[in-house]
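Input: a single structure, listed below in structure tokens.
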């Protein structure tokens, strides 16, 4: 189940830590608690210890003075979700700061009414994108492992040549935990102009992101977020100008579609001020294409299209861009919680979020509650559904009690 949620700036969903049956280390010595948190249930008469798959066992003294082995001990665990690996693939083309007025409307092409207030001066699209990226990566730093790819790379220029299409074969910012500061250090400043140059080699940017995800744990969920203000060019099918720059790169939806169907890597597509009309006719260095139509196709290929006529997130100011990236970030935060160790008695697992009991349900798609991710086992993870998933995003952790069958 995918939950779509608005941004909650109070999110503090820590990185997943495997639950250990051993006594947690002293947190005062700088340990982050990576072994998880376990406490014995106050109803048990002795400290629980792990046996077999992880349920505790206790013993008590019988009436005849001999030790009587109990079948298990109730144990409480505090569990956390696995942060997904997400690569931001960001358009750094010259059009993001262009001061040209190509359509004669008196407005600079690379600037927009960022705050929906015509009385304030416009700012560059790159300025807005930087502001939004800063807000989102800081707000979701503990919930998402971010990385970043720029297209074109910092070495690209506005020359009418292949120099406009340069993309690094490795990401500017590799995916890592708590990576917000590195993301902001790795992209140009909000007020940058000279560094924002080049064409729109989106396909090469996506390929770099996918190659990087290949090096990471495939068991961790993976996503791409593509943000662009124009149609892709710099196709590998056209080695030199003008074809290199003035033909739309049809490889983009194919590559993104293959990533989704063959590798289960969805791509969210965000457009910056995209107009539903044919562009680039007779223009040097601009692909002849209807960018709106093409991005709709890319969004559908990526597996996360929006409902309605606009399949991608089309934004016309910074407020809408903020809403789009915040919604996407909220949607990729995981509500699947690994259970390490798995319970010996899955029918006796109880779940709480924020001290509120969460019921076990049968259908995660239609009910609020929780289910085992694999209903027939192995019982190595659970998923929170509906409103319970929203509670997890707000609260940050799940409390699970591994219970015991009734005595006898």
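The values are calculated or read from the model by the stated rules, or taken from the named source; none is laboratory data. These numbers come from a predicted model, not from an experiment. Every residue, glycine among them, receives a Cβ derived from its backbone with ideal geometry; neighbour counts consider all protein chains shown.
Contact annotation: no residue pair with Cβ atoms under 7 Å, 6 or more positions apart or on different chains, pairs a residue in the stretch 383-404 that is free of Cβ contacts under 8 Å to residues at least 12 places away in the same chain with a partner that is in a loop (DSSP other than H, G, I, E, B).
Let me confirm something: among 225, 256, 206, 272, which residue is farther than 30 Å from residue 99 by Cα, crowded, with 24+ Cβ neighbours inside 10 Å and assigned by TED's automatic domain parsing to the domain that holds residue 148? Answer to the check: 256.
Being buried (at least 16 other Cβ atoms within 10 Å of the Cβ), outside the structural domain of residue 222 (by TED's automatic domain parsing) and either assigned to a loop (DSSP other than H, G, I, E, B) or on the phi < 0 side of the Ramachandran plot (or both) is a description that applies to residue 388. Name the residues in the stretch 218-263 that are closer than 15 Å to residue 87 by Cα, part of a loop (DSSP other than H, G, I, E, B) and touching a residue at least 24 places away in the same chain (Cβ under 8 Å), would you? Of everything in the stretch 218-263, those that are closer than 15 Å to residue 87 by Cα, part of a loop (DSSP other than H, G, I, E, B) and touching a residue at least 24 places away in the same chain (Cβ under 8 Å) turn out to be 220, 221. Of the residues in the stretch 140-162, not one is under 16 Å from the mean Cα position of the chain (by Cα), assigned to a helix (DSSP H, G or I) and crowded, with 23+ Cβ neighbours inside 10 Å.
Return yes when residue 200 is assigned to a loop (DSSP other than H, G, I, E, B) and surrounded by fewer than 21 Cβ atoms within 10 Å (Cβ to Cβ) and no when it is not. I'd like the intermediate steps shown before the answer.
Values: assigned to a loop (DSSP other than H, G, I, E, B): yes; surrounded by fewer than 21 Cβ atoms within 10 Å (Cβ to Cβ): no.
When the stated conditions are applied, residue 200 does not pass them.
Is there a residue in the stretch 232-248 that is touching a helix residue (DSSP H, G or I) at 6+ places or on another chain (Cβ under 7 Å) and closer than 16 Å to residue 175 by Cβ? No, every residue in the stretch 232-248 fails to be touching a helix residue (DSSP H, G or I) at 6+ places or on another chain (Cβ under 7 Å) and closer than 16 Å to residue 175 by Cβ. Remark: residue 303 matches the filter, which requires a residue to be over 28 Å from residue 101 (Cα atoms), touching a residue at least 12 places away in the same chain (Cβ under 8 Å), touching a helix residue (DSSP H, G or I) at 6+ places or on another chain (Cβ under 7 Å) and in the same structural domain as residue 165 (by TED's automatic domain parsing).
Given the criteria in the same structural domain as residue 275 (by TED's automatic domain parsing) and buried (at least 19 other Cβ atoms within 10 Å of the Cβ), does residue 97 qualify? Against the criterion (in the same structural domain as residue 275 (by TED's automatic domain parsing) and buried (at least 19 other Cβ atoms within 10 Å of the Cβ)), residue 97 qualifies. On the basis of being at pLDDT below 95 and touching a strand residue (DSSP E or B) at 6+ places or on another chain (Cβ under 7 Å), does residue 340 make the cut? Taking the combined requirement at face value, the residue does not satisfy it.
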